[in-house]
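The structure appears right after this line, and notes come after that.
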Amino acid sequence: MAAVEEALIKKLEDLGEKRARGKKLHEWTKKEAAEVLCHLFSLYDSSWAWDVRSQSDGKNGKTIARYLRLMDIGYLLKQPSDLDPAKHKLGRIMGAVLEKLESRLGASLYQKQRQAVKHRRLQELQQRKQHNSASSECEMDKENSPARQVCSL
């Protein structure tokens, strides 16, 4: 069982799931599990994304159940309590969703996600560099002419 869970966690990490790093499935909260499933559903169909944090666990459970039925794997979720990470059904549900994703998007799924994550990180780094350079220019201008402020951050 541990090897299967490790393989599942590895696949989630390959898809850019930060919540999967260093945690076993039974250590997750219900919100974390719902967020990961939401991310997987949004990869399957971009219109299937929703704000997990703003909804109750019950509403999240209903949304997850609906999308599982649309993926033809709704039989895996018999009760809302099956989404509880302390139970062992969550791993099976996530594994089935990943299998559906792989069959729909092919082997390039992980490669595309790695590229998207790298692209996002590069953009964040560039934004930080621009922000840092703008703030350092502002500091230099303030030092050169303290009576005149060139920029306001």
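At-a-glance table
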quantity	calculated
Positions within the range 1-33 being surrounded by 11 or more Cβ atoms within 10 Å (Cβ to Cβ), in a loop (DSSP other than H, G, I, E, B) and in contact (Cβ under 8 Å) with a residue 24 or more places away in the chain, in sequence order	Leu15, Gly16, Trp28, Thr29
So Gln115, is it outside any helix (DSSP H, G or I) and either closer than 19 Å to Ala2 by Cα or not β-branched (Val, Ile, Thr) (or both)	no
Filter result (touching an Asp or Glu at 6+ places or on another chain (Cβ under 8 Å) and small (Gly, Ala, Ser)) within the range 71-126	Gly91
Members of the range 34-61 that are part of a helix (DSSP H, G or I) and among the acidic types (Asp, Glu)	Glu35, Asp57
Single residue of Leu68, Leu12, Leu109, Leu40 found to be over 17 Å from the mean Cα position of the chain (by Cα), of a type in the set (A, V, I, L, M) and closer than 29 Å to Arg120 by Cα	Leu68
Matching option when the condition is modelled with pLDDT of 70 or more and surrounded by 13 or more Cβ atoms within 10 Å (Cβ to Cβ), among Leu122, Leu98	Leu98
Residue match in the range 46-66 (condition: in contact with a Gly (Cβ under 6 Å, 6 or more places away or on another chain) and in contact (Cβ under 8 Å) with a residue 12 or more places away in the chain)	no
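The values are calculated or read from the model by the stated rules, or taken from the named source; none is laboratory data. Bear in mind that the values here come from a model prediction, so they are computed numbers and not experimental data. Cβ atoms come from the backbone with ideal geometry, glycine included; neighbour counts cover every protein chain shown.
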